[in-house]
1. Return the percentage of antiparallel bridges among DSSP beta bridges fully within chain B, rounded to the nearest 5 %.
2. Which whole-number percent is the relative contact order of the stretch A:2-78 (Cα, under 8 Å, 6+ apart)?
3. Rank these by accessible area, largest first, 1.4 Å probe: B:Met480, B:Met919, B:Met428.
4. Given a cut-off of under 8 Å on Cα pairs at least six residues apart, what relative contact order in percent is computed for the stretch B:459-593?
5. Considering only C-alpha atoms, what is the centroid distance from the stretch B:1-31 to the stretch B:530-544, in Å?
6. Quick check: the distance between the Cα centres of the stretch B:613-673 and the stretch C:10-26, to the nearest angstrom?
7. Each residue of the stretch B:295-309 in turn: what ³J(HN,Hα) in whole Hz from Karplus with 6.51, -1.76, 1.60 and θ = phi - 60°, glycine and Pro shown as x?
8. Give me the distance in nm between label points sitting 7 Å out from Cα along the Cα-to-Cβ direction at B:Glu954 and B:Ala461, one decimal.
Amino acid sequence: MAAASVIARRGKADACAAAITAHYGVTLPTGPRRAASGDVVFAGVGPWRWIATAEGADAAEFVAQLRERLVFVAAVTDQSDARLVVRLRGPRVRDVLAKGVPVDLHPRAFKAGDVATTLVAHIGVQIDMLDDGPTYLIAAPRSMAGSFWSWLTASAAEFGYDVSRS
Amino acid sequence: MSGTHRLQSGGLIDRGKPLSFSFDCESHAGFAGDTLASALVANGVKLVGRSFKYHRPRGIFTAGSEEPNALVELRGGVRREPNTRATVTELYDGLIAASQNRWPSLRHDIGAVNDRLSRFLVAGFYYKTFMWPAKFWELLYEPLIRRAAGLGRAAGAEDPDIYEKAFAHCDVLVIGAGPAGLMATLAAGRTGARVILADEDFRLGGRLLAERCEIGGRPAVDWVAEIEAELAAMPDVRIMRRTAVTGVYDHGQYSAIERVNDHVATPPEHEPRQRSWKIVAKRAVLAAGAHERAIAFGNNDRPGVMLAGAARTYVNRFAAAPGRRLAVFTNNDDGPRTAADAREAGIEVAAVIDSRTGARVTRVRGRHGVRLIDVADADGRTSTIECDALAVSGGWNPAVHLTCHLGGKPVWNDEIAAFVPGALPPGMTVAGAAAGALTLARCLGGGMTAGVTAAAACGFAIAAITQPRADDEGAAVTAMWHVKDSRGKAFVDLQNDVTTKDVALATQEGFGSVEHLKRYTTLGMATDQGKTANVLGLAILAQASARAIPQVGTTTYRPPYVPVSFGAMAGHHRGRDFRPTRLPPSHAWATEQGAVFVEAGAWLRAQYYPRAGEADWLKTVNREVAATRAHVGVCDVSTLGKIEIEGANAGVFLDRVYANTFSTLPVGKARYGLMLREDGFVMDDGTASRLAPERFFMTTTTAQAVRVMQHLEFCHQVLWPALDVQMVSVSEQWAQFSIAGPRSRDVLAKLVDADLGDAAFPHLGCREVTACGVAARLFRLSFSGELAYELAVPARHGDATIRAIMAAGAEFGITPYGTEALGVMRIEKGHVAGNEINGQLTARDLGLGRMMSTKKDFVGRVMAQRPALLDPERPALVGFKPVDGARRLRAGAHFLKIGAGATAENDEGYMTSVAYSPMVKSWIGLGVLRRGPERIGERVRAYDPVRNGDVEVEVTSPIFVDPEGARLHG
Amino acid sequence: MRINCPYCGPRGNEEFAYLGDATVRRPDPAAEDAAAQFYEYVYLRDNPAGSHRELWYHGGGCRSWLVVTRNIRTHEISDVAFADAGDKP
Ligand SMILES: [Zn+2]
């Protein structure tokens, strides 16, 4: 998965949003939400800041194109190698996540398309809710992948889990 | 089978599920639904432990988490858990428990001699006796006291079980599942609100399980079952059994401890024993009930004396008879009720001694269990009554504890002669007995109102609910605290062996404040936190000092409400998961090489790479240094903080956050940068490279990476928001390797597609290259003083890249080096690092004063010019060598003039870093010395009393190797 | 404590770092009495028994510096705003 941080330049938030709409056909979320167009997703992770991802894309190409398209309106930085991303799905996912995610994931509080940046087991993560399956994506820093995995598997063990590569 | 004291019928036990257990190696039988305490009662076991100080025989006193006496060691081997309350220990088949604080046996305990010596063991005994000589504390007093005091023994081995932490969120948190809590949950749940009902018991119902009462014309337990079924069917109501809410924190946060698998011998695989919860609730209803309190009279601690409410619990809920002939001593209507319940269960009632008639119990007789009680009536006539159990009720104390955790003070209520909640934590309401409403009807009504109100406050419309019919029976109480004509010790706090005499003595000695009383006598401390004792203690203190109870006040209730194990507090975070570990990209490769690792902050870094035959780490490090300086070495430096800074004002921004100038840095060049705090001291150092006119790449030290990022965000968002600057950490994105040594260029020439000649790529150059077919960045930077490069590749290629570097370097003798060799080489070059950037030294102190630009403002500039920081007497950075080349240096040693005494006034500075230098062939050091740069060649003492170090050293330049910098060019 | 981050929503204080008084302003370094002003700016703080404006950093979330108006006696938080009001979307 190719990933890049996108930070709007000073006073260029609107221009940045317009450029993204023009090139990717999505409305850039203003809050912690995700907007997808095909395989390209923009997830709000802070004021003026998004993580753009593209499933299956070449990292260098995706980032170069994004940078070119957003030149003068946003700073684009490759983060494709910075993150471990896991997709979690299943009826007990919320019970697993409750063992470390401090954010309220009840369906009334956190809906499909919502994004949260938070700390899980002292590790900074980005959580995206994809659908009501429920399915969540969690991105953790690459260097802490082992510790994150240790927490995740320990938390899921009670319910049982399968691991597969995508 | 069923136990000598098991009633033939009744109770909420499952007689179809018999369980066997052992107490002090003796086998007993119980049923599912029993607690350890109820099973002991059913088996006629009265003596269950010895008291803390006097080793007096003690029995079961309560039926809940407030138990002061019946603390046992539960389970055996590595799962042995001391100080477990038998009253909240759910019975399971094969349970093993043992009494505590006795030797050689519970019945014959040598420590009981303390009871005879009690004249000397009064309140304040430890303070008075062990005051002098003070130095004997560690040597003698403390070990002595520790052996004599204390209760159970910890397992002494690592706990094999799993513990967890978890988060929960709700609209309404209901604490306690008695009549008030159940009504509150029902009322709130029906509105559609998200409700959590938490109760420490394994069965919902609270006091309803223990009393013979009716709700809506049916037995209360049937009503409980019906409510429970309705709640279970509500998707947004979560019932948490075995879960005690232990603390209240700001803004609707609550801590709770769930004893998930304490009721089985071994938790099922992958399941935790306990789980500690953080619950976030918009509103809370406290329905924690009330604790019954005792009355102080002679030998009121004897086994067989128990609270009347507990006696009813054992009779009604557990079908276990506390005795065959029961007497009741009461100051309220619970006395007659207890007698009635006992008679109904077929237990003989010897007497009801009601203090409201002037009658009282003056003494209990029978050392290991009640045999006789001495009674006096209003006219002073005395009599002796034969009985084997005595139920005592001194009234009820609302469980106000959780209302006090944010500073609320309970207030005295004369009607029930007890403290009731005062100012409440925001968002909390109190219902039922916890609010001082001591009748069933008031509990149900109060709970319903609280539930409706709490849900409405969260925006949920009221749903249909009616209050079921129930008794509004009286609860008249006339305060009676202490039988003054008692004979024998009259206990106030059973757990801490505090007697009425101790309270009186404390008052007499001037400890008149309730907080002083607590600390002087230990009243209210330990596992029960005085739940049955505090108010009694206050009342006696009030009497002794001729004040009213409200004037005496109460002690401060703090979390946790019930004991919480350290395991539950740690949860997942123990052993290697104590905190997250960060692994650099070369970790797998370094592991294959047999590297020894060191924790550097959260990172696990290769410290050195030992080879077969190397006797110690120093041999290895010397080899790594020598090989790097002679040939070439490689080190993973991915742990450096890496930040990309973009924007039209990026250069200006860097000028403001660094002491030196970056706006003039040409594209394709890197520069060493020094960052100060606003107070003028050095915060961090690193480099910044200009990748494009409006794009910089900054590195920070490993240690300060997170802090620097926060500081930069502060500078941008708070100080200078108008600047067009965007910054983001790329620490995780890039793997970065330092390749250092005279042959480093030759190694890189095989890996990258660029002209590495001095002209095309000079020292402090940076450029994008292709390395092993991957888009990479190359920097010509040197920390070692050698010709050196840092090659950065996207992190996924880090492992392949270190292997490629090693392969390419094989013909040049490339050697991987770790943090030790890195440290040696930077000390040899006099480069500062974390030891010198210690928050107490300025740029001037470090010999970097000239880096502070005079042409611009920057963070720390003004404060760095404070006269005291410009004082030439300040210690400044120099190097040190032992005069005797064989001596070892130690960081932390302080410098003294030769011949000067080792006093603080003579202190001239301190050693910050030391290393053995294979180049100098002795230990070398960096340090700060008063007027150091002027004293090169002078000798001083490096004095280190902590490690018996006292070495004469010569002051040198901080640069030990290649002062001209010729090696930078290979 | 919980702080209602204007970007992320309410979060526990473990996600935040505290800096302190948000009312102090970095002085003009060119001012004649810059040394005295910086001394005050760096070291001198009021400790009002009541409402206080404080800087908190949401490092465990959106990385925003926030100005939190908090009553120091009761911990009641009456307002949370971005330190950099800027031209946020
Ligand atoms: Zn935030």
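The values are calculated or read from the model by the stated rules, or taken from the named source; none is laboratory data. Computed from a prediction, not measured in an experiment: that's the story for all the values here. Cβ placement follows ideal geometry from the backbone for every residue including glycine, while neighbour counts extend to all protein chains displayed. Accessible surface areas use protein heavy atoms only, side chains included; no ligands, DNA or RNA. Shrake-Rupley method; radii C 1.70, N 1.55, O 1.52, S 1.80 Å.
1. Taking every DSSP beta bridge within chain B, about 75 percent pair in antiparallel fashion.
2. That works out to 42 percent.
3. B:Met919, B:Met480, B:Met428
4. It rounds to 18 percent for the stretch B:459-593.
5. Measuring centre to centre over Cα atoms gives 36 Å.
6. 32
7. Listing the rounded values in order: 10, 8, 8, x, 6, 6, 9, 5, x, x, 8, 9, 5, 5, x Hz.
8. So the two model labels end up 9.3 nm from each other.
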